[in-house]
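Just below is one structure, and these are the notes that go with it.
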Ligand SMILES: NC(=O)c1ccc[n+]([C@@H]2O[C@H](COP(=O)([O-])OP(=O)(O)OC[C@H]3O[C@@H](n4cnc5c(N)ncnc54)[C@H](O)[C@@H]3O)[C@@H](O)[C@H]2O)c1
Ligand SMILES: [Zn+2]
Ligand SMILES: [Zn+2]
């Protein structure tokens, strides 16, 4: 029987989100229904509400979630009902040109549920990042449900499903941070602080946190930043150079998503260094850089989608590091809230009061 439940819906550009009745179909072949236990609020949910991702309203928001597999469709073999899973917005197809080249972490044709979840009048919903997890039940492709150790708290485990994975992977996978490297992270929200935690796991020697909010910088220290810079009072490029013998850092990670902070990351890195863009810009934004600087500085300019993660490899591993006390996921959980408090929590995110508000069910 299709499930009738409540979901957090963004109905139109810039409109406050509302709790509405939604219909979750029974799982078809290759699909699973997951009972969501916890779902974090990522800045990308707000981007959806603002119409900055695309115009496919109405959106069912939420995409950073952990839950229990409730029901599986025909042919599903990777999970069974009762499994504890983190939901992934990358489920490699195995047959696109990237998967076939042995690079499933770039999969160009990631799998999602084929049946739509709908409003009660039948209007199909666009689930955020192909998930839609601010709801008691959600329908996803079985490949999006990644089994992890059930000892992990859902509030913490779910965070690996998006922003925290994006930050960890921006440092460890895309930026390839190595023992002894110097790293700067510009923007220390959930994603940036995860990049700081990832840089520490990778063995970075110097980790410079840059933000415009002192609260974020205090948290960054707790995640492993060795130095902090408030970019509203000093020029962060000069300050980063001053902390690195005038050279700049090996890896500069941009976790805000604006031209100005991207430019700062570009100029704050050492010769032959790497810039990683993990912040999501809006479609109107443009950058202008002297081409001679792009050439003359050498190195690498990369973008990081989802931290170039392979969920089946990385999610269980990071959950295990968490359970071993080597990755403090709990520290990212600033507050737990009820499903009807998402709109208010967006405000707290915009005001910089939280790293992650997590909806619990
Ligand atoms: N690439 C990916 O796969 C991926 C995944 C998740 C999120 N994201 C994106 O990463 C970005 C960060 O997400 P989040 O959830 O951490 O958001 P957040 O709002 O929690 O954090 C953004 C941080 O940037 C800081 N900031 C704003 N302007 C700044 C400036 N000029 N200089 C320095 N710091 C500044 C803010 O104070 C805040 O601490 C967003 O754009 C989000 O959409 C990307
Ligand atoms: Zn693929
Ligand atoms: Zn996200």
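Coordinate-derived values only; no laboratory data. Since this is a predicted model, take the numbers as computed values, not measurements. No Cβ is skipped: glycine too gets one built from the backbone with ideal geometry, and neighbour counts run over all protein chains shown.
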Length added when fully stretched, residue 331-residue 291, from 0.36 nm per residue minus Cα-Cα: 10.3 nm
Whole-number D in µm²/s for the stretch 228-361 (Stokes-Einstein; Kirkwood sum over Cα pairs; 37 °C, 0.692 mPa s): 186
Neighbour-count ranking [beta-carbon atoms within 10 angstrom, fewest first] of 74, 330, 314: 74, 330, 314
Kirkwood hydrodynamic radius (C-alpha pairs) into Stokes-Einstein, the stretch 167-305, 37 °C and 0.692 mPa s, D in µm²/s: 231
Packing rank of 37-43, 77-83, where each peptide gets the mean count of other beta carbons within 10 Å, highest leading: 37-43, 77-83
Extension gain (nm, one decimal) between residue 343 and residue 205, 0.36 nm per residue minus Cα-Cα: 45.7 nm
Rough spin-label spacing in nm, given labels placed 7 Å along Cα→Cβ, for residue 55 and residue 324: 5.0
Most to least packed among 159-167, 345-353 [average Cβ atoms within 10 Å]: 159-167, 345-353
Gain upon complete extension [residue 263, residue 4; 0.36 nm per residue less C-alpha separation]: 88.5 nm
Average silhouette area of the chain, convex hull of alpha-carbon atoms, in square nanometres: 17.2
Helix-only [θ]222 nm of the chain, DSSP H runs n ≥ 4, -39500 (n - 2.57) each, per residue, nearest 500: -7000 deg cm²/dmol
Label-zone membership for the stretch 291-319, site residue 151, 7 angstrom Cα→C-beta point, backbone N under 19 Å: 314-319
Rounded Å value of the spacing that divides the Cα centres of the stretch 237-266 and the stretch 302-332: 24
